[in-house]
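Enquirer: Pasting a structure here, questions to come.
The values are calculated or read from the model by the stated rules, or taken from the named source; none is laboratory data. If you're wondering where the values come from, they're calculated on a predicted model, not measured in any experiment. Backbone-built Cβ (ideal geometry, glycine too); neighbour counts: all protein chains shown. Accessible surface areas use protein heavy atoms only, side chains included; no ligands, DNA or RNA. Shrake-Rupley method; radii C 1.70, N 1.55, O 1.52, S 1.80 Å.
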Amino acid sequence: MPIETRGRIRGVFTDIDDTLTTHGRLFAAAYTALERLRAAGLLVVPVTGRPAGWCDHIARMWPVDAVVGENGAFWFRHDAKAGKLLKRYAVDDAERLRRSKRLLDVAKRILGEVPGCALASDQGYREADIAIDFREDVPELPREQVMRIVEIMQAEGLTARVSSIHVNGWFGDYDKLSTTRRMLKDDFSIDLDRERDAFCFVVDSPNDQPMFAFFPQSVGVANILEMADLMTDFPAWITQSAGAAGFAELAESLIPTK
């Protein structure tokens with residue numbers, strides 16, 4: 001990424017699993033990179049498939065400006081002046097409740113038809129989707145079985161996205177990009193369509209394709225190439241290192257030098 005381009009970046013959106021983390025763990029290098037980016041005046045927002053329960057913690061305690069969770073189901077932001085967590089959802093409470101039973105019915109079908117998969121261990125903390133584990137806490141499934149999970153979700157009317165560890169499914173046409181766009185407009189008075197060149201998105205898996213197709217300065221950590229067979233769009237730039245080390249590498253290149 002040319003130095004002139006890096007100098008125009010005013011914010012970083014980042015996936016969490018296998019982008020900020022390595023083998024499921026958040027190491028000091030990545031967490032420090034978040035802190036340093038924010039201290040340098042950049043907007044820092046994780047955009048993740050992880051659940052509401054996790055995102056509550058992230059918004060409150062991590063050095064970030066907000067967090068978009070469950071693939072765009074909501075964003076949370078901690079208002080330091082008011083001393084409280086602000087929550088905004090793509091779908092209202094009543095509609096999320098109505099959809100929840102149907103989601104669990106679809107999950108039961110998947111578990112019955114795709115041997116070896118499981119509900120993600122974080123499912124109990126989710127509010128708007130189902131996450132089917134194919135390699136986090138279960139032995140890794142072959143690609144054909146992962147795609148069978150996607151097929152069942154789509155046949156049941158769900159939007160389905162494959163991350164590095166889960167297949168996530170939900171009812172609705174929102175996604176990470178649409179909710180990120182709303183969040184920036186409502187909470188930060190930023191028109192993302194006009195200012196997309198000023199932000200980069202850091203990714204590692206196929207479910208983020210709408211994001212890096214949108215952002216000219218999208219960045220993949222090196223391990224994104226492991227799932228290249230499931231992708232049709234690719235990030236503009238790829239780090240030398242994988243996972244947390246790749247994110248730290250990018251952050252270092254974006255922090256202004258004095």
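Enquirer: Of all residues in segment 183-195, which are assigned to a helix (DSSP H, G or I) and buried (at least 17 other Cβ atoms within 10 Å of the Cβ)?
Expert: Passing the criteria: 183, 184, 192.
Enquirer: Got at least one residue in segment 15-36 being among the β-branched types (Val, Ile, Thr), open to solvent by 50 Å² or more (accessible area, probe 1.4 Å), modelled with pLDDT of 95 or more and outside any loop (DSSP other than H, G, I, E, B)?
Expert: Yes, segment 15-36 has at least one match.
Enquirer: Would you check if residue 152 is part of a helix (DSSP H, G or I), at negative phi and open to solvent by less than 30 Å² (accessible area, probe 1.4 Å)? Reasoning before the result, please.
Expert: On the way: part of a helix (DSSP H, G or I): yes; at negative phi: yes; open to solvent by less than 30 Å² (accessible area, probe 1.4 Å): yes.
Yes: the conditions hold for residue 152.
Enquirer: Then there's this: Consider residue 210 against the criteria (1) of a type outside the set (Asp, Glu); (2) without any contact (Cβ under 8 Å) to a residue 40 or more places away in the chain; (3) farther than 26 Å from residue 91 by Cα: it satisfies all of them except one. Which criterion is unmet?
Expert: Every condition holds for residue 210 apart from (3).
Enquirer: While we're looking at this one, here's another question. For a quick check of your reading: which strands (runs of 3 or more DSSP E) sit entirely within segment 47-126 and have at least 3 residues that are among the charged types (D, E, K, R)? I'd like the intermediate steps shown before the answer.
Expert: Details: elements: 67-69, 74-79, 84-89.
Of the strands (runs of 3 or more DSSP E) lying wholly inside segment 47-126, those with at least 3 residues that are among the charged types (D, E, K, R) span 84-89.
Enquirer: Which members of segment 232-258 meet the condition of being crowded, with 18+ Cβ neighbours inside 10 Å and either in contact with a His (Cβ under 9 Å, 6 or more places away or on another chain) or in a loop (DSSP other than H, G, I, E, B) (or both)?
Expert: Result: 235, 239, 242, 243.
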